Amino acid sequence: MADTVLDIRNLRVTFTGGAKHVRAVDGVDLAVAPGEVVALLGESGSGKSVTLRSVLRLHPEAKTRIAGSIVAAGVDVMALTGAALADFRGKTVSMIFQEPMLALDPVYSLGQQITESIRKHEPAVSAEAARRRAFELFEQVRIPSPERRLDAYPHEMSGGMRQRAMIALALACNPKVLLADEPTTALDATVQVQILLLLRELQRNLNLSMIFVTHDIGVGVEVADRIAVMYAGRIVEIGAVRDVIRTPRHPYTIGLLSTRAQGGRLSGNRLTTISGSPPDLANLPPGCAFAPRCASASAACREAAPAPVDLGAGHVVRCIHTAITA
Amino acid sequence: MPERVNEIIRSPGFWVTVWRRFLRDPVALAAALVVLGLILMAVFAPWIAPQDPFQGMSLRRLKPPGTEGYPLGTDELGRDMLSRLIHGARISLFMGIVPVLCALFIGAAIGIVAGYSGGWTNTLLMRTVDVFFAFPSVLLAVALAGALGPGMTNGLIALTLVFIPPIARVAESVTTGVRSRDFVEAAKASGAGALLIIRKHVLGNVLGPIFVYAMSLVAVSMILAAGLSFLGLGVKPPQPDWGLMLNTLRTAMYTQPLLCALPGVMIFITSISFNLMTDGLRSAMDIKA
């Protein structure tokens, strides 16, 4: 893709801290265009959050081995060190965390935390101007009576308000790329929708690129332009939302979609499940990681990891049986 | 549009809440008032004390409390007990608070650095601290003061060294807890460097618990200082120090038992007030979200 603001190539992340090395991400390629939202979909331990955190290099360096290349807005993230890395974080790429109660410092007011971030990246901005900007950000994320909320502490706000504040904090320095790590998982259903709509609206208005990590297919469909399905550290299927949802071609995606409860129509029936459990990341099979659970797996599947198959219109599947799954 | 709908009641900040809870605890409040009184007494000692604490009169030695002109009697050199006890608060409080403050700075620095960096730095710093921690505090204080020689400064250094290990331990464990919290990672993700994170996010969350712990050491420090003076390793005569007074009056134990108990009573009142106040502060700060 010619026009990309974030380009991840062959990313491999291995955690070397424990007795066994855990290969959490195993060759992820992902390019995000300006103003595009990509949802990273997958179950726990599929490597979606690890991929996200790698973009900001948040993994402890002593216990992590990262290979591959990440280029964000023309910056080679892997080559950044020290002050340059700190400068990059939050300014070029910023992140929204899953649990705002934990990701906001309890001993500072929200206003203080936002102005801190602004003044860290733009030392020339006066305290007053930074506060004015924090106020505008609060208006932008539609926090009612923003003037007073700026002086509120995280524990004084509801979950939805906290997540709005977290979004304001992430947007404080006008980043080009926003990483969202399950930003609605900790919220209740009605608030989830509001936050999703807000994120989508802000993303459109500011022409932000966004990677949105979620395990909720519905949420992914709601916000994303493209969906990337991850399994055992690899992107097994990626494509436009419509293609992936209507015509999934990877057996895992097909399984994942069929597990969704079909409303009230099937009440009384048991929910479909994918049999088996995800593989041990410290001890991956040599071939397709999904093969042990896959109904259409053949001997070839167990020998070598399948190469990506381009089905056109950017719909890419890592499966050798795309003919069967069509 | 009626702005009232969105009106939120500004709930007070952390310290205001702690202060309000503290005020509702009668025991802690009383203890805090006693401590405040003792501090005022120490500060204004020269103006409060009815007589010169150094001026002795061999004719009036060891008068019992209640003697005309000497409400608390006189000591073995005929000096006014009340004045000496009032002046004694200066040294006792000084020896209680200053070593703990010094140890707070050094110990907290060691603990926070160790806790935040983890790994080898942590092991190196904390195991060194543990070596000192292994000694009983009284023994360590006596040994250090003995090695450094008597005198107030040396006593101060000895006590500071005694209190660094426990404070460093507490600081390290609190910091380790804070370091793995999400907001530290969030701060990192928004571009904060290690120094900024330590200065704002770690210190802000860690200082409260460490400070409260250090407060609880003030009483211990005072008692240890009194012990050192009693053994002749701390303050030198004729300075009016409660520990030292206890030592010199010991000879009068059988003739004037009430008199020679007085410095001990002061030490007791001060240390228990500090302890009760700290307990109150700790429970006031223990706010569950």
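Based on Cα atoms of the protein assembly as shown, Rg over Rh with Rh as the Kirkwood radius reads 1.15.
If the chain linking A:GLU122 and A:VAL193 were pulled fully straight, counting 0.36 nm for each residue of separation and taking away their Cα-Cα distance, it would gain 22.2 nm.
If you take the C-alpha gyration tensor of the range A:106-174, multiply each eigenvalue by 5 and take the square root, what semi-axes do you get, largest first, in whole Å? Don't skip to the end; give the middle numbers.
Details: eigenvalues 68, 27, 22 Å².
Working from the Cα gyration tensor, I get semi-axes of 18, 12, 10 Å.
Under a Gaussian network description of chain B, with springs only between Cα atoms under 10 Å, the residue in B:GLY56, B:GLY119, B:GLY88 that fluctuates furthest is B:GLY119. Of the options A:PRO306, A:GLN192, A:ALA291, report the single residue whose Cα projects farthest towards the positive end of the charge dipole of chain A (beta-carbon charges: Lys, Arg +1; Asp, Glu -1). Of the listed residues, the answer is A:ALA291. Straight-line reach from A:LYS20: which lysines have Cα under 26 Å away, leaving out those fewer than 8 places along the same chain? The qualifying lysines are A:LYS48, A:LYS63. Sorted largest first, the principal axis extents computed over the alpha-carbon atoms of the range A:1-74 equal 42, 26, 17 Å.
Fewest first, what order do A:TYR252, B:TYR70, A:TYR153 take by the number of other Cβ atoms within 10 Å? Walk me through the numbers on the way to the answer.
Details: A:TYR252 26, B:TYR70 22, A:TYR153 19.
Fewest to most other Cβ atoms nearby, the residues stand as A:TYR153, B:TYR70, A:TYR252.
Rounded to the nearest 20 debye, the dipole size of the range A:106-174 about its Cα centre is 120 debye, using +1 on the Cβ of Lys and Arg and -1 on the Cβ of Asp and Glu.
Counting, for every residue in B:179-185, the Cβ atoms of other protein chains within 10 Å of its Cβ and taking the mean gives 5. When both bridge partners sit in the protein assembly as shown, DSSP labels roughly 60% of those beta bridges antiparallel. By the count of other C-beta atoms within 10 Å, a proxy for reagent exposure, B:ILE210, B:ILE86 are ordered fewest to most as B:ILE210, B:ILE86. With a Förster radius of 25 Å applied to the C-beta separation of B:LEU231 and B:VAL131, the computed FRET efficiency comes to 0.55. Can you grab the distance from the C-alpha centre of the range B:158-211 to the C-alpha centre of the range B:29-73, Å, no decimals? Cα centroid to Cα centroid, the span is 43 Å. In whole angstrom, the range B:132-289 maps to an equivalent ellipsoid with semi-axes of 40, 19, 10, each derived as √(5λ) from the alpha carbon gyration tensor and ordered largest first.
Seen through its C-alpha gyration tensor, with square-root eigenvalues sorted a ≥ b ≥ c, the range A:136-212 comes out oblate because a/c lies at 1.5 or above while a/b is not bigger than b/c. At a threshold of 8 angstrom on Cα-Cα distance, excluding pairs fewer than six apart, so keeping six or more, what relative contact order does chain B reach in percent? Relative CO of chain B lands at 25 percent.
For the pair A:THR273 and A:ARG242, the difference between a 0.36 nm per residue extended length and the Cα-Cα distance amounts to 8.9 nm. Averaged over the residues of peptide A:85-91, the number of Cβ atoms from other protein chains lying within 10 Å of each residue's Cβ is 4.
Overall shape: oblate for chain B, with the ratio a/c of the largest to smallest alpha carbon gyration tensor axis at 1.5 or above and b/c at least equal to a/b. Taking Cα centre as origin and charging only the Cβ of basic (Lys, Arg, +1) and acidic (Asp, Glu, -1) residues, the dipole magnitude of chain A rounds to 480 debye. Distance from the alpha carbon centroid of the range A:80-158 to that of the range B:238-286 works out to 50 angstrom.
Rule-based calculations on the coordinates, nothing more; no lab input. On a predicted model such as this, the values are computed, not experimentally measured, just so you know. Positions of Cβ are generated from backbone atoms using ideal geometry, with glycine treated the same way; all protein chains shown enter the neighbour counts.
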